[in-house]
Amino acid sequence: MRVAVIGGGFTGLSCAVRLVDMGITPVIFESKKECGGLARGFREDEWRWNLENFYHHVFTNDKDVLELAKKVGAKTLILHPQTNSYYHGKETPLDSPISLLKFSGISLWARLHMGMGLMLLKLLPNGMFLEKYHAVEVLPKLLGREGYKVVWEKLLKAKFGPHVNEVNLAWFWSRVAKRTKNLGYFEGGFEGLIRKTEEYIKRHGGEIRTGVMVERIEIDGDGVLVDGERFDSVVVTTPAPIAAKMVRGLTIPEIDYLWGQTLILETSRKLINGYWLNILEKDFPFLVMVEHTNMIDKKHYGGKRLVYLGNYLPEGHKQLKMNEEQLLKIYSPFIKKINTHFNKRLIKKSFLFREPFAQPVFPVNYSRMIPNSRLGSGVYLANMSMVYPFDRGTNYAVKLGNDIAELVVSDLR
Ligand SMILES: Cc1cc2nc3c(=O)[nH]c(=O)nc-3n(C[C@H](O)[C@H](O)[C@H](O)COP(=O)(O)OP(=O)(O)OC[C@H]3O[C@@H](n4cnc5c(N)ncnc54)[C@H](O)[C@@H]3O)c2cc1C
């Protein structure tokens with residue numbers, strides 16, 4: 001039996017792995033030249049490892065992606081990088097109860113209030129029932145108005161832009177419940193895991209066709225046609241708006257997404273102290289600064305330091321029309337606030353990446369809107385908009401891919 005898998009991101013790849021394990025032949029169709037989707041990366045000539053277009057790491061409790069790595073023989077590295085927040089001209093750790101207690105940006109009472117609220121959320125085994133509340137309404141009460149204003153309001157607004165008032169509290173709960181202080185990465189970057197996964201699929205009889213953009217899926221008798229080629233079933237892993245165009249006649253709910261954008265700087269000097277820097281100042285034109293080479297040794301990148309400046313942006317945002325030079329012009333004064341030694345001469349190269357379907361919006365009672373996995377006879381959907389309430393990440397893409405493969409096979413048998 002042959003199953004077509006549309007999209008070679010982590011959902012498509014893990015679906016194909018599970019299919020070959022169950023004796024089914026998957027054929028992955030990936031429109032880009034390489035698999036990997038949002039976790040795809042690039043490599044300069046003098047680098048030995050790829051760098052992801054968008055900053056990537058896993059949490060140490062990301063069981064499904066870690067199991068995939070083990071199965072396909074990719075080496076996982078467990079790391080202890082520092083996460084900081086930038087507030088009032090300082091990089092301050094704010095990623096543990098102790099660091100919160102020491103945070104001088106808010107009063108002692110506000111720190112205690114926030115600490116208790118976060119602990120309550122972390123202790124909840126399942127926060128799904130919180131989806132009926134708006135995060136922006138409950139969080140000021142739960143975490144304290146002062147702490148909410150200083151720490152969370154800016155982060156939520158920067159992440160969801162004009163959709164911030166729609167986001168539900170279950171999404172926020174999952175962010176707090178899931179995070180681990182230690183992080184994981186893969187030897188060779190996420191690229192290392194992607195390549196090993198591809199090799200596993202091919203070794204076990206699967207096929208991967210890259211550079212093939214699927215345009216049309218039709219149900220035909222007891223099979224499915226993918227651009228005219230017959231399969232027993234098809235799993236579509238593309239974002240919902242692309243799937244809706246491809247699978248005409250079947251209903252896929254409309255989901256709002258934000259763009260992801262990163263400007264990556266190759267610099268000759270360290271720009272921040274830790275790996276991750278959340279920007280809590282309100283007027284900054286970027287949400288986060290991630291110095292990858294403060295987590296992974298720069299020797300893998302020809303001794304170069306690599307820093308991401310990241311943003312989530314709504315359709316039509318002015319930054320989405322800017323080129324690298326224009327972005328750098330508006331970012332530079334703010335980078336200089338963080339590191340007074342910064343000047344444009346430190347930048348050896350820069351790289352700009354954008355993707356339109358980077359972050360789905362999860363409004364109140366989203367569980368009632370989640371698209372159905374079974375779209376029609378033999379046609380299945382498995383994409384990021386179905387990863388909920390946990391924040392979309394490669395771990396949940398892998399879990400989704402595994403689950404959909406099992407559903408397809410149980411329907412076929
Ligand atoms: C800024 C940012 C930071 C992130 N950080 C992390 C992180 O630190 N850790 C983590 O685990 N996750 C992170 N993620 C999330 C992670 O990248 C995604 O959850 C995961 O890659 C989703 O995989 P997917 O296969 O579901 O979707 P995608 O990766 O979107 O894959 C879909 C694939 O379908 C292909 N496609 C689209 N249309 C067609 C077509 N018509 N025909 C054929 N192919 C098509 C696309 O090219 C793509 O390869 C981050 C994401 C972003 C945007």
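The values are calculated or read from the model by the stated rules, or taken from the named source; none is laboratory data. Bear in mind the structure is a predicted one, so any value in this text is a computation, not a measurement. Counting neighbours? That spans all protein chains shown, and the Cβs are built from the backbone with ideal geometry, glycine included.
Restricting the search to the range 236-262, which residues are near the ligand (Cβ under 9 Å from one of its atoms), under 24 Å from A16 (Cα atoms) and not in a loop (DSSP other than H, G, I, E, B)?
Those that are near the ligand (Cβ under 9 Å from one of its atoms), under 24 Å from A16 (Cα atoms) and not in a loop (DSSP other than H, G, I, E, B): V236, I242, A243, K245, M246.
Residue by residue through the range 171-218, note down the ones that are more than 25 Å from R48 (Cα to Cα) and small (G, A, S).
S174, A177, G205, G206
Exactly one condition in (1) in contact with a strand residue (DSSP E or B) (Cβ under 9 Å, 6 or more places away or on another chain); (2) in a helix (DSSP H, G or I) is false for T180; which is it?
(2)
Mind counting the residues in the range 1-12 that are more than 7 Å from the ligand (Cβ to nearest atom) and touching a Gly at 6+ places or on another chain (Cβ under 8 Å)?
So the answer is 1.
Among the residues of the range 196-235, count how many are under 24 Å from the mean Cα position of the chain (by Cα) and either outside the structural domain of R374 (by TED's automatic domain parsing) or in a loop (DSSP other than H, G, I, E, B) (or both).
Of the residues in the range 196-235, 4 are under 24 Å from the mean Cα position of the chain (by Cα) and either outside the structural domain of R374 (by TED's automatic domain parsing) or in a loop (DSSP other than H, G, I, E, B) (or both).
Just to be sure I understand the filter: pairs with C-beta atoms under 7 Å, separated by 6 or more residues or on different chains, first member in the range 200-229 and free of Cβ contacts under 8 Å to residues at least 12 places away in the same chain and under 13 Å from T25 (Cα atoms), second member among the aliphatic types (A, V, I, L, M) and within 14 Å of the ligand (Cβ to nearest atom). Which pairs pass?
From residues that are free of Cβ contacts under 8 Å to residues at least 12 places away in the same chain and under 13 Å from T25 (Cα atoms), the pairs are K202/I208.
Name the residue, out of D411, D403, that is without any contact (Cβ under 8 Å) to a residue 40 or more places away in the chain, charged (D, E, K, R) and within 22 Å of A16 (Cβ to Cβ).
Unique residue meeting the criteria: D403.
Just to be sure I understand the filter: pairs with C-beta atoms under 9 Å, separated by 6 or more residues or on different chains, first member in the range 305-324 and farther than 18 Å from R345 by Cα, second member within 14 Å of the ligand (Cβ to nearest atom) and among the β-branched types (V, I, T). Which pairs pass?
Listed by first residue and then by second, the contacts come to G310/T262; G310/V288; G310/V290; N311/T262; N311/V288.
Restricting the range 26-52 to residues that are more than 16 Å from the ligand (Cβ to nearest atom) and surrounded by fewer than 17 Cβ atoms within 10 Å (Cβ to Cβ), which is nearest to K299 (Cα to Cα)?
Per the criteria, the residue is R48.
How many residues, within the range 99-110, are within 21 Å of W276 (Cα to Cα) and part of a helix (DSSP H, G or I)?
Count: 4.
Return the pair list, or none, for Cβ contacts closer than 6 Å from residues in the range 152-168 that are within 16 Å of F284 (Cβ to Cβ) to residues that are of a type in the set (K, R), at least 6 apart or on different chains.
K154/K282
I need the strands (runs of 3 or more DSSP E) fully contained in the range 337-413, keeping only those with at least 2 residues that are within 16 Å of the ligand (Cβ to nearest atom).
Those strands (runs of 3 or more DSSP E) span 347-360, 379-381.
Consider the range 367-406. How many of its residues are over 15 Å from the mean Cα position of the chain (by Cα) and either of a type in the set (A, V, I, L, M) or not assigned by TED's automatic domain parsing to the domain that holds G249 (or both)?
So the answer is 8.
Could you tell me whether any residue of the range 77-87 is more than 16 Å from the ligand (Cβ to nearest atom), over 29 Å from L263 (Cβ atoms) and in contact with a Gly (Cβ under 9 Å, 6 or more places away or on another chain)?
no
State yes or no: is L77 within 24 Å of the chain's Cα centre (by Cα), farther than 27 Å from Y388 by Cβ and either at pLDDT 95 or above or buried (at least 17 other Cβ atoms within 10 Å of the Cβ) (or both)?
yes
Could you count how many residues in the range 272-320 are in a loop (DSSP other than H, G, I, E, B), touching a strand residue (DSSP E or B) at 6+ places or on another chain (Cβ under 9 Å) and either basic (K, R) or farther than 20 Å from W47 by Cα (or both)?
13
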